[in-house]
1. Given the stretch B:1-78, what helices (runs of 4 or more DSSP H) lie entirely inside it while holding 3 or more residues that are modelled with pLDDT under 75?
2. If the requirement is being free of Cβ contacts under 8 Å to residues at least 12 places away in the same chain and surrounded by fewer than 17 Cβ atoms within 10 Å (Cβ to Cβ), which of these qualifies: A:Ala32, A:Ala20, A:Ala10?
3. Which of the residues spanning the stretch A:8-27 are of a type in the set (Lys, Arg) and within 11 Å of chain B (Cβ to nearest Cβ)?
4. Please go through the stretch A:28-51 and give me each residue that is β-branched (Val, Ile, Thr) and within 10 Å of another protein chain (Cβ to nearest Cβ), ordered by number.
5. Here are some conditions: (1) at negative phi; (2) more than 13 Å from chain B (Cβ to nearest Cβ); (3) surrounded by fewer than 17 Cβ atoms within 10 Å (Cβ to Cβ); (4) of a type outside the set (Val, Ile, Thr). A:Leu5 meets all but one. Which one does it not meet?
6. For A:Phe60, only one of the following conditions fails: (1) more than 14 Å from every other protein chain (Cβ to nearest Cβ); (2) of a type outside the set (D, E, K, R); (3) exposed (fewer than 13 other Cβ atoms within 10 Å of the Cβ). What is its number?
7. Go through the residues of the stretch B:38-48 one by one and say whether even a single one is under 13 Å from the mean Cα position of the chain (by Cα) and either within 14 Å of chain A (Cβ to nearest Cβ) or in contact (Cβ under 8 Å) with a residue 24 or more places away in the chain (or both).
8. Is it true that B:Ile92 is in a helix (DSSP H, G or I), without any contact (Cβ under 8 Å) to a residue 60 or more places away in the chain and in contact with a Phe, Trp or Tyr (Cβ under 6 Å, 6 or more places away or on another chain)?
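The values are calculated or read from the model by the stated rules, or taken from the named source; none is laboratory data. For clarity, every value in this text was computed on a predicted model and none was experimentally measured. Cβ coordinates were reconstructed from backbone atoms using ideal geometry, including for glycine residues, and neighbour counts include every protein chain displayed.
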Amino acid sequence: MKNTLHILRAERRLSQDDLAKLLDVSRQTINAIEREKYDPSLPLALKIAKVFNKKVEEIFFLEKEK
Amino acid sequence: MNLTKQLKKELIVGLLLLLVPFFYTLFPSNEMSTDAKTTIAGILSNLAVLVFGFGRIYGVNFKMKLDEREKTIVNKASGSGVFFLILIMFFIYGLRNVIVFHNHISINEYWGFFLVPVFLISHSLSGLILSSFE
């Protein structure tokens, strides 16, 4: 699964640590999601979408969709 | 404190506890009488395993606040940790009369002391390897 998390984070000028604190997860987890090594659970994906005020499918999508 | 730091701590404690059986055999029990040194060494060895070994296992698996990715890693590490524990303990138990300590004492009655350190080492190494890949 692909995602645009690092772009959104850069736009908001948030560090991985800042975002991790907002989402109540570790910085390593944010890093793993950005590098597409880990797919977040639905609750975490919804939390991320809420932080960036976007729909989940705008942030996370399958490779064929783009 | 993050998971990697905890797992590194667990590995260090495991390696230190691996020395316990060697410490224990510095004061082998006399077959005729149990002297004070043996009793003290036995109490210290058991205390070290209980306090540090079980403390670490409890700390990583139950006390630490983990997020969803870290929980997955700990679950996988526990599974592979137990797999390697059984495998290594099987060999240690099988070779208990063959492996000899420094002063001609075979592992024999001390093989149980390897249980906690071997678990700590296999669990922490599995966790560290898994967290570097995931």
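1. In the stretch B:1-78, B:20-24, B:36-48 are the helices (runs of 4 or more DSSP H) which contain 3 or more residues that are modelled with pLDDT under 75.
2. Going through A:Ala32, A:Ala20, A:Ala10 in turn, just one is free of Cβ contacts under 8 Å to residues at least 12 places away in the same chain and surrounded by fewer than 17 Cβ atoms within 10 Å (Cβ to Cβ): A:Ala10.
3. Of everything in the stretch A:8-27, just one residue is of a type in the set (Lys, Arg) and within 11 Å of chain B (Cβ to nearest Cβ), namely A:Arg27.
4. Of all residues in the stretch A:28-51, those β-branched (Val, Ile, Thr) come to A:29-30, A:33, A:48, A:51.
Residues satisfying the conditions are A:Thr29, A:Ile30, A:Ile33.
5. That leaves (3) as the condition not met.
6. (3) is the only condition that A:Phe60 fails.
7. Yes, the stretch B:38-48 has at least one match.
8. Against the criterion (in a helix (DSSP H, G or I), without any contact (Cβ under 8 Å) to a residue 60 or more places away in the chain and in contact with a Phe, Trp or Tyr (Cβ under 6 Å, 6 or more places away or on another chain)), B:Ile92 qualifies.
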